[in-house]
Amino acid sequence: VEKSKSSIRGAFILFEGCDRAGKSTQAAKLFESLDALGVPVKLWKFPDRTTLIGHMIDKYLKSGHDLDDRAIHLLFSANRWECKSVMKDILLDGTTLIVDRYAYSGVAYSAAKDLELEWCKSPDIGLLTPDIVFFMDMKAEEAAKRGGFGEELYEKKEFQEKVRDVFMLLKERTWETLDARKSVTELYEHIGKMSLKIIQECKGLPLKED
Ligand code: T5A
Ligand code: NA
């Protein structure tokens, strides 16, 4: 008997938060442990700097080269759109996707530059909807103490505080807010458990698109 694709779909697990909150660390840990358990899983990071649009974004972030705020906003969104169909196929194929930043980051960073919130949201309408969002929360002041802060365009304390304020406005039912000041192990204990639960729960549910 051929199973309908939606009955075996993977979960869309998203990590969000300000710079240096520990998203990539937890995303990598989750990937490794699910993979070790034999769960079909892939890791995807946004901006996806490997594409043509991704190259432009990378250049912008590294040099701060002059680009209109709305133009870069649309590039970040286009970078998600160009990956949508592949991501969708992966999920419908039964593979869980761990995603490191997505549309919430897109909105938070641009609205923090005082672009209008609704305008910021509109280009992402129709993208895939995550099943769970691990929002790694900490003050910019504490994040700044971590390695690497200050190398890219947005890594300034005042700006990061504004980004955090916008993130707070975007919270939905799917969000799990985590205290990002906790240890890597302590955070992972919770993330690992929640993820296994979500993977089970999603299996029979249709994939959501906004
Ligand atoms: N952006 C992104 C937009 O403006 N619009 C968009 O649409 C999108 C998608 C680059 C920039 O692009 C912006 C947002 C960003 O400013 P990026 O490539 O995700 O986005 O940024 P990165 O520099 O790769 O990652 P972050 O700065 O966001 O860091 P992470 O992933 O949150 O943190 P991580 O895991 O790399 O850890 C940072 C440091 O802290 C340590 C780690 O070892 C590392 O040194 N650490 C901990 N230390 C103590 N306790 C813990 N629990 C720790 N967890 C990690
Ligand atoms: Na990261």
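A short reminder: the numbers here are calculations on the coordinates, not readings from a lab. Just so it is clear, the model here is predicted, and its values are computed rather than measured. Cβ atoms come from the backbone with ideal geometry, glycine included; neighbour counts cover every protein chain shown.
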Practice prompt. Round to the nearest 10 and give me the degree value, 0 to 90, for the angle of helix 52-63's Cα axis relative to the longest principal axis of the chain.
Written response: 40 degrees
Worksheet entry | Percentage relative contact order, the stretch 5-202, counting C-alpha pairs under 8 Å, at least six apart | 35 percent
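Grab the other residues whose beta carbon is less than 13 angstrom from that of D48, score K and R as +1, D and E as -1, and report the net. Please list the in-between numbers first.
Details: positive: K42, K45, R49, R80, K84, R101; negative: D58, E82, D100.
That works out to +3.
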Fill in: Least to most buried among M138, M194, M168 (fewest other Cβ within 10 Å first)
M168, M194, M138
Response to the item:
In whole Hz, the Karplus estimates of ³J(HN,Hα) for the stretch 129-138 (6.51, -1.76, 1.60; θ = phi - 60°; x where Gly or Pro) are 9, x, 7, 8, 10, 8, 8, 8, 10, 7
Response to the item:
Fewest-first ordering of R146, R49, R164, R20 by Cβ atoms within 10 Å yields R146, R49, R164, R20
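Can you tell me how the stretch 5-202 classifies by the Cα gyration tensor, rounded, prolate or oblate, using a/c under 1.5 as the rounded cut? Before the final figure, lay out the partial values.
Details: a/c = 1.72, a/b = 1.27, b/c = 1.35.
Because a/c hits 1.5 or more and a/b fails to exceed b/c, the stretch 5-202 counts as oblate.
If you place +1 on the Cβ of every Lys and Arg, -1 on the Cβ of every Asp and Glu, and leave all else neutral, what size is the dipole of the stretch 73-135 about its Cα centre, to the nearest 20 Debye? Present the calculation step by step, with values, prior to reporting the outcome.
On the way: 6 positive and 9 negative charges, 13 e Å.
Its charge dipole is roughly 60 debye.
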Discussion item. Can you list residues from other chains, or at least 5 along the same chain, whose modelled amide H is less than 5 Å from the amide H of V99?
Written reply: I13, L14, F15, W44
Fill in: GluC sites (Glu not before Pro) within the stretch 176-210: DSSP coil, no more than 13 neighbouring Cβ in 10 Å
none
Fill in: Helix 69-92 axis, angle to the chain major axis (alpha carbon atoms, nearest 10°)
10 degrees
Fill in: Sequence of V184, V39, V133 once ranked by neighbouring C-beta atoms within 10 Å, starting from the fewest
V184, V39, V133
Worksheet item: At what distance in nm do the modelled label points of K62 and R49 sit from each other, each positioned 7 Å from its Cα along Cα→Cβ?
Response: 0.6 nm
Response to the item:
Once the dipole of the chain is set up from charges on Cβ (+1 Lys and Arg, -1 Asp and Glu), the residue from the list Y102, L187, F167 lying farthest towards its positive end is L187
Worksheet item: Say the cut-off is 30 Å between C-alpha atoms; which of K88/K156; K145/K197; K171/K197; K45/K208; K59/K162; K42/K157 go over it?
Response: K88/K156; K145/K197; K42/K157
Worksheet entry | Helix 184-202 axis, angle to the chain major axis (alpha carbon atoms, nearest 10°) | 50 degrees
